[in-house]
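Undergrad: This structure is in structure tokens; I'll ask about it shortly.
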Amino acid sequence: MKSNLTTISKAYLLLVSLINFNHVISMLGLTETLVSAPSYLSVWWWHVILFLVYGMLPLSAVLVNNEKSCLIVTGVFIAGVLTESFGVFTMVVDVRLVFLLLDTLAAVFSLVLAVENVSLKVAAERLSLERSQF
């Protein structure tokens, strides 16, 4: 794959991570919350969970640059797409379609990063095997 695609993927995941940093502001009570919390969690804990999952996890996946972390991010964003498409959580502002698009693209780009990491490892292993034949 081209390195431009990996750069775009990393930049997009960083952008999605920064967009989801708004949960810190909502967690502190400075703005209105966009998502109502489930009945068994307080709003504060709900924003902590959303911040860690959608804010910190993509950021750490880009910084670690590991295929396993990229696959975890892909799974998280696919789960986000499914919960948003079925309307599991009610939103105060109906921005569900925007988050569906953001989460779908983030899942695709994190999958691209995982494939790129695996292909680099396979290429390095193949090169070392070809060198060891001589």
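Where a number appears in this text, it was derived from the coordinates with a stated rule and is not lab data. The structure displayed is predicted, hence computed values, not measured ones. Ideal geometry is used to build each Cβ from the backbone, glycine not excepted, and the neighbour counts take in all protein chains shown.
Undergrad: Can you put 57, 82 in order, fewest other beta carbons within 10 Å first? Please report the intermediate quantities before stating the final value.
TA: Working: 57 20, 82 12.
Final ranking by Cβ density, sparse to dense: 82, 57.
Undergrad: Now for a separate question. Work out from phi, with θ = phi - 60° and the Karplus expression 6.51 cos²θ - 1.76 cosθ + 1.60, the ³J(HN,Hα) of each residue of segment 7-13, listed in order in whole Hz, and give x for Gly and Pro.
TA: Once θ is set to phi - 60°, the couplings for segment 7-13 become 5, 5, 5, 5, 5, 5, 5 Hz.
Undergrad: Using Cβ contacts closer than 10 Å as the measure, can you line up 60, 9, 17 from fewest to most?
TA: Numbers: 60 15, 9 24, 17 21.
Ascending number of Cβ neighbours within 10 Å: 60, 17, 9.
Undergrad: Starting with the fewest neighbours, write out 12, 54, 40 ranked by other beta-carbon atoms found within 10 Å of each beta-carbon.
TA: 40, 12, 54
Undergrad: Summing +1 for each Lys or Arg and -1 for each Asp or Glu, what net charge is found among the other residues whose Cβ lies under 12 Å from the Cβ of residue 113?
TA: Values: positive: 10, 68; negative: 67, 116.
So the environment of residue 113 carries a net charge of 0.
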